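Each remark here refers to the structure printed beneath this line.
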Amino acid sequence: MNYDDALTAAIQRLHDEGRYRTFIDIEREKGAFPHAVWRRPDGTTRPVTVWCGNDYLGMGQHPAVLAAMHEALDATGAGSGGTRNISGTTVYHNRLEAELADLHRKKSALLFTSAYIANDATLSTLPKLFPGLIIYSDALNHASMIEGIRRNGGAKRVFRHNDVAHLRALLEADDPAAPKLIAFESVYSMDGDIAPIEAICDLAREFGALTYLDEVHAVGMYGPRGGGVAERDGLMGRIDIVNGTLAKAYGVMGGYIAASAKMCDAIRSYAPGFIFTTSLPPAVAAGAAASVAHLKTDGTMRKRHQTQAAILKTRFRAIGVPFIDHGTHIIPVVVGDPVHTKLISDMLLEDHGIYVQPINFPTVPRGTERLRFTPSPVHGPGEIDALVGAMDELWSHCALNRAELSA
């Protein structure tokens, strides 16, 4: 086999389909977010406004977070020095896990290097702990959940997205005595819709199933203390395992699960994704802990965030830009074609200094390619005016005229 030719062909297929992904060299500026600098391949630069970031609340530049990271860096140095079992457990990791357990009103929490790893490691380990476990997975669950369920070697059932009736039918068809777990998300990041958490918890209680809730796009954002949609809706006590991230609303890096002390202890003891991975640097753990603690008591940024999202939706409606609205902070504008989505993204960047990356297959189904806007509390009236003006121009003159776009 000519391996080089095979690689060339694989990459060319992505180009032919219009979904080859390119990295845009963006340099964030402390204190200036959402403004950044785009470094072009030719060495020139231009200022841009970031509209597609997941630092939803701008906590990546918050003084409390930065101060905690500086303090830990000066005290401990750069790295953690090993896995948690060897030398990678510090007071900063323990403090962060305590903050996270308290956030979700659980007895314990377990820190991972990312929410992807937390999902993959936990869901792939659970059948070792519960032999014969059947996992019922929402059809639109994140890739990390799908991968963890796929790798665990146990039985799985996929229910139609947010379809409680279909989930019931699947539960009814299985052995009542078999251990069961329902895995789903609170906020689905590509459409911004919310799961029927209470109805799913009712089914879990009826059929004796555990509940596993991914709150990645909701922690820090919803609930009186930022505990997510389950906290907002008064359902935290009905969730057995919560998965969350420290890399979105909390502005740092890392992932975790929160659950009973016994559940976290078992995952800690059996999951290879935890056992064999070097732990987060202490400075990162310190910054994350400061961010979680801050957002427990300061709800102003959450309120401001929802206000900005509502304003942008109203402005988009006024100029006729269609978007999906499920009442959350995520605003997807569906273009429906990878080539044209990329062209609009490129025009926004080149002509208007607006950075929003195209979202293509396999992240979303073919034919639903989109631009995904994520307004934040630090996107002010000027930034919104510039975005709306640019989208009005491009959507009116280009996006609705594909022939013109392709010219």
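The values are calculated or read from the model by the stated rules, or taken from the named source; none is laboratory data. Predicted model, so just to flag it, every value in this text is computed and none were measured. Cβ sites come from the backbone with ideal geometry, for glycine too, and all protein chains shown count toward neighbours. When the accessible area is computed, the model is the full protein with side chains, heavy atoms only, and any ligands, DNA or RNA have been set aside. Shrake-Rupley method; radii C 1.70, N 1.55, O 1.52, S 1.80 Å.
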Quick test for you: out of 192, 220, 226, pick the one residue that is closer than 22 Å to residue 324 by Cα and either of a type in the set (S, T, N, Q) or not in a helix (DSSP H, G or I) (or both).
192
Let me spell it out: the conditions are (1) of a type outside the set (Lys, Arg); (2) open to solvent by 40 Å² or more (accessible area, probe 1.4 Å); (3) not in a helix (DSSP H, G or I), and residue 147 meets all of them except one. Which number is the exception?
(3)
Boolean, residue 56 is among the hydroxyl-bearing types (Ser, Thr, Tyr) and either open to solvent by less than 20 Å² (accessible area, probe 1.4 Å) or part of a loop (DSSP other than H, G, I, E, B) (or both):
yes
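Answer with yes or no whether residue 359 is over 21 Å from residue 142 (Cα atoms), surrounded by 18 or more Cβ atoms within 10 Å (Cβ to Cβ), of a type in the set (Val, Ile, Thr) and out of contact with any His (no Cβ under 6 Å at 6 or more places or on another chain).
On the way: over 21 Å from residue 142 (Cα atoms): no; surrounded by 18 or more Cβ atoms within 10 Å (Cβ to Cβ): yes; of a type in the set (Val, Ile, Thr): yes; out of contact with any His (no Cβ under 6 Å at 6 or more places or on another chain): yes.
No.
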Just to verify a result, which residue in segment 158-189, among those that are over 25 Å from residue 363 (Cβ atoms) and part of a loop (DSSP other than H, G, I, E, B), is nearest to the chain's Cα centre (by Cα)?
179
Of the listed residues (204, 183, 199), the one being touching a residue at least 12 places away in the same chain (Cβ under 8 Å) and within 30 Å of residue 358 (Cβ to Cβ) is 183
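Which ranges mark the helices (runs of 4 or more DSSP H) fully within segment 246-349 that have 3 or more residues being surrounded by fewer than 16 Cβ atoms within 10 Å (Cβ to Cβ)? So that I can check it myself, show each step before the final result.
On the way: elements: 261-270, 272-275, 282-297, 300-319.
Of the helices (runs of 4 or more DSSP H) lying wholly inside segment 246-349, those with at least 3 residues that are surrounded by fewer than 16 Cβ atoms within 10 Å (Cβ to Cβ) span 261-270, 300-319.
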Output the residues belonging to segment 26-53 that are assigned to a strand (DSSP E or B), open to solvent by 60 Å² or more (accessible area, probe 1.4 Å) and within 20 Å of residue 247 (Cβ to Cβ).
27, 28
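Can you pull out every residue in segment 91-116 that is part of a helix (DSSP H, G or I) and β-branched (Val, Ile, Thr)?
Applying the first criterion (part of a helix (DSSP H, G or I)) to segment 91-116 yields 91-103, 115-116.
91, the sole residue that qualifies.
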Please go through segment 117-160 and pick out each residue that is of a type in the set (Ser, Thr, Tyr), within 21 Å of residue 249 (Cβ to Cβ) and in contact with a strand residue (DSSP E or B) (Cβ under 7 Å, 6 or more places away or on another chain).
122
Restricted to segment 35-61 and to residues being free of Cβ contacts under 8 Å to residues at least 24 places away in the same chain and of a type outside the set (S, T, N, Q), the residue nearest to residue 309 (Cα to Cα) is 35
